[in-house]
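Derivation of every value follows stated rules applied to the coordinates shown; laboratory data play no part. Worth saying up front: this structure is predicted, and the values here are computed from it rather than measured. Cβ sites come from the backbone with ideal geometry, for glycine too, and all protein chains shown count toward neighbours.
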Amino acid sequence: MVFGSDNAPISSRPWTFVTGGLGFIGSHLVESLLGDGVPVLALDNLDKSTYNPMLRLENLSILSKLARSKGTAFRFILGDTHNRPLIKTIFSANAVGCIVDLAARAGVRPSLLDPVGYIQANVEGFVSLLAEAKEAGVRKVVYVSSSSVYGNKPGRFFEDDPELNPGSPYGMSKLMAERFFALYARLYGLSGIVLRPFTVYGPRQRPEMAIHKFLNQLLHDRPLTIFGDGSMRRDFTHVLDVVAGIRGAIELSIQPGVVQTYNLGTSHPVSLFALIEALEEATNKKADVRLVPAPPGELFQTWADIKKAREQFGYCPKVGLKEGLSDFVRWYNKRVNP
Ligand SMILES: NC(=O)c1ccc[n+]([C@@H]2O[C@H](COP(=O)([O-])OP(=O)(O)OC[C@H]3O[C@@H](n4cnc5c(N)ncnc54)[C@H](O)[C@@H]3O)[C@@H](O)[C@H]2O)c1
């Protein structure tokens, strides 16, 4: 099913094909591209297994309005990356210049309950896409992986770390997809980019993610359940900084047959306690915190080294946690009381 084809302006530039284009990060990326007049083909299967598909339809409405107001070509295709005949048709009917793959089942904890489902969604889906990209001669592919591939490590996480030990089936599925990507690039001369974002937050964030869940609990006077003793640290990164990183990476020129990998974080990890304090400040409310044992798979810290992205495409995160949380609280309140 295709939306937007009737009145989408004819595109003279190649399309950027964004899979998972109605999700949290995907919808921000598509918004940024359309805002700058870049034609976008977005694919999404409105996956029910992670969160309410209606939220993706709200994103579709925002993106369709923006495309109309900017006069930028935009098409949404309801479909799955596993559907090879569909992907083949998309590539044969449209000149695609670059693929950005964000389609995945995200999240550490749900992956412990359904490891096989995560491998099917995150590895097989990406490999199907790569196989069709190769057949269609699409040479540039950006794969959005995750900081979860690193596993538990002290200090900063470096892209060239030879010892990646994911702590969850989710992290493992992203690492397997990365490895397959490197093989395919080598075999068939694709120019590959792997991006590893670190705990992304901001408007439209997935409802089960920590910041969204904590804010919901705080504003409804419910206790906040914190894993461990609150000292667990995350390199929380605002979605607009991640989108700027993806856009920088899209413009990179990569040698055929090579995959380059970049972290997209802030390099300023924050403890869960510090996060709660910042949320209290942003909402002017006091949290009732309950500590619970951390489930398996949770990393004690994440900390991005971002020198490579800064040097090679000028990646420079701009949104600090305080400002980012205020922005998130504003969006949340507006959504609840439009
Ligand atoms: N949010 C984060 O903190 C974070 C951090 C690191 C990496 N990532 C990665 O970024 C990507 C986007 O994450 P998000 O937080 O926006 O999640 P999301 O669930 O909001 O977005 C993923 C989108 O992909 C769609 N989708 C899933 N499987 C699909 C398939 N087989 N075919 C077509 N569409 C499919 C879903 O319907 C959803 O809209 C994922 O690959 C995730 O692993 C996210």
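Just a few scattered comments:
- To the nearest ten degrees, helix 53-70 and the longest principal axis of the Cα atoms of the chain are 60 degrees apart.
- Projected label distance in nm at His268 and Glu135, using a 7 Å step from Cα toward the beta-carbon: 4.8
- Considering only Val194, Phe214, Met232, the residue lying farthest towards the positive end of the dipole of segment 137-233 is Val194, judged by Cα position with unit charges set on Cβ.
- Estimated at 0.36 nm per residue, the fully extended path between Lys334 and Glu311 surpasses their Cα-Cα distance by 4.5 nm.
- Fully extended contour minus Cα-Cα distance, from Glu281 to Ala182, at 0.36 nm per residue: 31.2 nm
- Dipole magnitude for the chain: computed about the Cα centre from +1 point charges on Lys and Arg Cβ and -1 point charges on Asp and Glu Cβ, it is near 480 debye.
- The chain: angle of helix 239-251 to the longest principal axis, Cα-based, in degrees nearest 10: 30
- Between segment 260-290 and segment 10-86, the alpha-carbon center distance in angstrom: 29
- Label-to-label distance for Ser61 and Leu112 is 3.7 nm, based on points extended 7 Å past Cα in the beta-carbon direction.
- Dipole in debye (nearest 20) - segment 206-338, about Cα centre, beta carbon charges: Lys, Arg +1; Asp, Glu -1: 260
- For segment 185-193, 3J(HN,Hα) computed residue by residue from phi via the Karplus equation (6.51, -1.76, 1.60; θ = phi - 60°) reads 4, 5, 5, 10, x, 6, 9, x, 10 Hz, glycine and proline entered as x.
- By the rule of a C-alpha distance below 26 Å, with chain neighbours fewer than 8 residues away ignored, the lysines paired with Lys134 are Lys88, Lys174.
- Rounded to the nearest 5, the antiparallel percentage of DSSP beta bridges internal to the chain is 10%.
- Taking amide H positions as modeled 1.01 Å from N, with prolines and chain starts lacking one, the residues under 5 Å from Val289 and 5 or more places away or on another chain are Leu224.
- Ordering of 271-280, 170-179, 313-322 by packing [mean C-beta count within 10 Å, highest first]: 170-179, 271-280, 313-322
- Calculated from backbone phi, Karplus (6.51, -1.76, 1.60) coupling profile of segment 204-218 in Hz, x at Gly/Pro: 6, 4, 4, x, 8, 6, 3, 4, 5, 5, 4, 5, 4, 5, 4
- The C-alpha atoms of the chain define a longest principal axis, and helix 272-283 lies at about 90 degrees to it.
- Backbone phi angles across segment 125-141, fed through the Karplus curve with coefficients 6.51, -1.76 and 1.60 (θ = phi - 60°), yield HN-Hα couplings of x, 5, 5, 4, 5, 4, 4, 6, 4, 5, 4, 8, x, 7, 9, 10, 10 Hz in residue order; Gly and Pro are listed as x.
- Given charges at Cβ of Lys, Arg, Asp, Glu: segment 1-158 dipole, positive-most of Gly71, Leu46, Gly125: Gly71
- Per residue, the average separation of C-alpha pairs within less than 8 Å and at least 6 apart gives the chain a relative contact order of 17 percent.
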